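Enquirer: Handing you this structure, nothing more for now.
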Amino acid sequence: MRLLIHLLLMLTVALSVGFGLSYYALTDGRLFAAQKTGDWATWPEIGSPTPDPYTRAFLSRLGILPLGSSEGNQFVASVDHEGRALSASCTYSLTGTTPLATFWTLVAVDPDGKNIAPKGAQLFLDSAHLSRSRDGFIMIKIGKKLAAQNWLEVESDEPYQLLLTLYDSTAFADDGSRSFELPTIINEGCL
């Protein structure tokens, strides 16, 4: 009887650890295939002709058709610079620079991938219609409160994510340099 209890306990632990690590690898994945840069995360192998097994499993789980690796990269942020989940009741400031890219877009989506812009509001921001400082820095306000210049309005009752998609980018060029900076997400206060 004691052997049977130990066997069931070992089986429960093995299944819990196995399924837990698999879930982590396919969602967060930083220890496996995802790369974290500041507040942003990406799967650099998405769109390559021969992605690693973790990236293939991640794509299968989401059921998406990604951009090719030479077409662009998508970065996801679900937390601010202090590690707190993004909330529509807060106002955020996105400041900094983006890696060299021909074009980029910024959109806010819910956990299911649906755009959370209110009806009649601008659905996304893009690099072609953005005011910048003279040194090339961007400053974007994200939240419910109206802001001057670059403002991405959001409306949601649950945490959301920001998707920054760089088109025709050198972010993961094969020249050996993988150091680049992405904008920082700073919480400016909550309602």
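Enquirer: For segment 85-96, check the following and say yes or no: at least one residue is surrounded by fewer than 19 Cβ atoms within 10 Å (Cβ to Cβ) and at pLDDT below 70.
Expert: No, segment 85-96 contains no residue that is surrounded by fewer than 19 Cβ atoms within 10 Å (Cβ to Cβ) and at pLDDT below 70.
Enquirer: Still on this structure, I have one more. May I ask you to list the residues in segment 87-113 that are small (Gly, Ala, Ser), assigned to a strand (DSSP E or B) and touching a Ser or Thr at 6+ places or on another chain (Cβ under 7 Å)?
Expert: 96, 101
Enquirer: A further question follows. Would you say residue 180 is closer than 20 Å to residue 41 by Cα, in a loop (DSSP other than H, G, I, E, B), of a type in the set (Phe, Trp, Tyr) and in contact (Cβ under 8 Å) with a residue 60 or more places away in the chain?
Expert: When the stated conditions are applied, residue 180 passes them.
Enquirer: Shifting gears a bit: Looking at residue 141, is it more than 19 Å from residue 36 (Cα to Cα) and assigned to a loop (DSSP other than H, G, I, E, B)?
Expert: When the stated conditions are applied, residue 141 does not pass them.
The values are calculated or read from the model by the stated rules, or taken from the named source; none is laboratory data. Remember, it's a predicted structure, so these values are computed and weren't measured experimentally. Glycine gets a Cβ as well: all are built from the backbone with ideal geometry, and neighbour counts include every protein chain shown.
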